[in-house]
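Report on one structure; see the data block that follows.
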Amino acid sequence: MAESMCRALRDGSLEGELAPALTIRDSVHSPFGLDVFNHVLIQHSSNILAGKSQSRGLVLVAFSRSPSFYVNLLESRGVNLESPRKWFQILDCYTDPLGWKDQLMRCGKISNISQEASTSTVSLCKDVRDVDKLFSSIIELGKGLIGEGKGRFSVAMDLVSEILRHTSMPLAASLLSNLRSHDQISCTFWLLHLDLHEIRETAAFEYMSSMVATLEPMSNSTNGPRVDSENLPLLEQSYRKGKLSVRFKRRNGRVRLMSEFFHVEQSGINFTSVSSEDIIINQGLSPKVQFNLQLSEKEQIDRANVILPFEHQGNGKPIQIYDGRRSLADVKDDTAPASTLKSQMAGDSGKGEIIYFRDSDDEMPDSDEDPDDDLDI
């Protein structure tokens with residue numbers, strides 16, 4: 001399922017459509033969103049280098065980690081950042097997000113801001129509150145990677161929760177919406193901490209995403225038995241496990257929900273498929289209403305015993321079904337008296353039966369009427 005996310009980002013967008021967007025959501029109960037983000041970042045970078053992706057470059061907007069963290073991460077996983085083709089850029093919103101260090105440097109209180117900002121791979125952003133300038137910086141870096149033409153590039157944000165610390169929700173939503181609708185952006189993905197935002201804010205990010213990945217702990221119970229110190233290694237192993245549920249929004253409007261188990265190790269995050277959870281997931285998709293949507297066992301038996309008027313029973317007797325086209329006078333010989341019908345129904349009480357009588361012989365059958373007779377055509 002994690003591969004399905006990476007495949008959707010790799011394929012990019014069609015002409016005239018919004019770029020695919022992935023929201024990775026974690027919480028304090030399962031705080032491994034950065035591990036999933038790093039996994040997607042590494043896979044997407046490898047696809048770009050191998051020429052398998054629609055994107056020809058990647059712009060990483062770093063809010064929660066320094067640029068050196070991501071450079072070391074990609075190099076440790078075998079991603080070549082020194083390739084002849086320039087394909088990777090980092091917009092540093094971590095070192096000096098509000099420009100305070102720049103002001104201190106101008107006053108002579110510090111010598112320099114950061115050695116990382118001088119490298120060719122990193123560009124420094126000094127005011128994340130200016131959303132328009134932030135958007136322009138991302139587009140400028142992306143165009144520098146793909147050059148002039150119809151090429152596309154990807155955008156990754158390690159934590160959009162940092163944007164909401166300094167700007168309003170409408171401005172943050174406008175930034176993400178403009179990125180998705182830009183004709184040179186192939187896809188975008190970001191990380192979101194659920195515990196830091198209200199429901200309406202998380203719902204807005206979810207609405208703007210074509211894929212929503214949510215990290216859940218293995219057990220939601222918080223009032224379980226106390227764990228002895230001898231079992232702490234076991235507890236730590238269980239804590240680093242969880243379930244990743246991803247909701248895919250199709251182009252035709254359909255929604256697909258998939259789940260996988262994950263296990264965070266020192267070497268990275270591993271995913272294992274979930275097979276026995278499919279029934280539970282489908283049941284969880286049923287809407288919560290005040291009436292029962294399922295039939296009980298007795299109701300199912302009663303429904304199966306109902307004899308429909310146009311159903312061939314095959315009990316060996318002549319099949320005589322009143323179809324509404326003949327007069328009751330024509331079939332009076334075939335119709336038993338009411339007392340006989342009652343006795344037959346009493347003798348076979350285990351089955352239901354539907355009996356239809358026309359109101360009068362003068363009544364014309366509905367199927368013989370022309371519904372357009374009253375129209376002057």
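The values are calculated or read from the model by the stated rules, or taken from the named source; none is laboratory data. As the structure is a prediction and not an experimental result, all values here were calculated from the model. With ideal geometry, Cβ positions are generated from the backbone for all residues, glycine too; neighbour counts draw on all protein chains shown. Accessible surface areas use protein heavy atoms only, side chains included; no ligands, DNA or RNA. Shrake-Rupley method; radii C 1.70, N 1.55, O 1.52, S 1.80 Å.
Pairs, please: C-beta under 7 Å, at least 6 apart or cross-chain, first residue over 18 Å from TRP190 (Cα atoms) and in the range 59-78, second at pLDDT 90 or above? Note: pairs meeting the criteria are ARG77/ILE42.
Within the range 127-167, the set of residues being among the small types (Gly, Ala, Ser), open to solvent by less than 50 Å² (accessible area, probe 1.4 Å) and within 19 Å of GLY99 (Cβ to Cβ) comprises SER137 only. Figure legend. Inter-residue proximity from the range 176-204: first residues among the acidic types (Asp, Glu), second residues not in a helix (DSSP H, G or I), beta-carbon distance below 8 Å, spacing 6+ or different chains. Indicated pairs: ASP195/SER27; ASP195/VAL28. Among the residues of the range 1-29, write down those that are β-branched (Val, Ile, Thr) and more than 18 Å from the chain's Cα centre (by Cα). VAL28 - this is the single residue of the range 1-29 that is β-branched (Val, Ile, Thr) and more than 18 Å from the chain's Cα centre (by Cα). Quick one: in the range 30-53, which of the residues that are buried (at least 16 other Cβ atoms within 10 Å of the Cβ), of a type outside the set (Gly, Ala, Ser) and farther than 17 Å from ASN270 by Cα is farthest from the chain's Cα centre (by Cα)? My answer is LEU49. Could you please let me know if ALA203 is assigned to a helix (DSSP H, G or I), modelled with pLDDT under 95, of a type in the set (A, V, I, L, M, F, W, C) and exposed (fewer than 15 other Cβ atoms within 10 Å of the Cβ)? Criteria met by ALA203. Taking the range 67-180 and the helices (runs of 4 or more DSSP H) fully enclosed by it, the elements with 3 or more residues that are of a type in the set (A, V, I, L, M, F, W, C) are at 67-76, 100-106, 131-146. Say we look at the range 252-272 and pick out the residues that are under 14 Å from SER30 (Cβ atoms) and either of a type in the set (Val, Ile, Thr) or part of a loop (DSSP other than H, G, I, E, B) (or both); which of these is least open to solvent (accessible area, probe 1.4 Å)? Per the criteria, the residue is VAL264. The condition of being in contact with a strand residue (DSSP E or B) (Cβ under 7 Å, 6 or more places away or on another chain), closer than 19 Å to LEU34 by Cα and either crowded, with 16+ Cβ neighbours inside 10 Å or of a type outside the set (S, T, N, Q) (or both) holds for VAL59. If only residues of the range 83-105 that are farther than 29 Å from SER46 by Cβ and open to solvent by 60 Å² or more (accessible area, probe 1.4 Å) are counted, the one that is modelled with the highest pLDDT is TRP100.
Pick from the range 1-29 the residues that are in a strand (DSSP E or B) and among the charged types (D, E, K, R): which of them is most open to solvent (accessible area, probe 1.4 Å)? Among those that are in a strand (DSSP E or B) and among the charged types (D, E, K, R), it is ARG25. The single condition among (1) surrounded by fewer than 19 Cβ atoms within 10 Å (Cβ to Cβ); (2) in contact (Cβ under 8 Å) with a residue 24 or more places away in the chain that GLY108 does not satisfy is (2).
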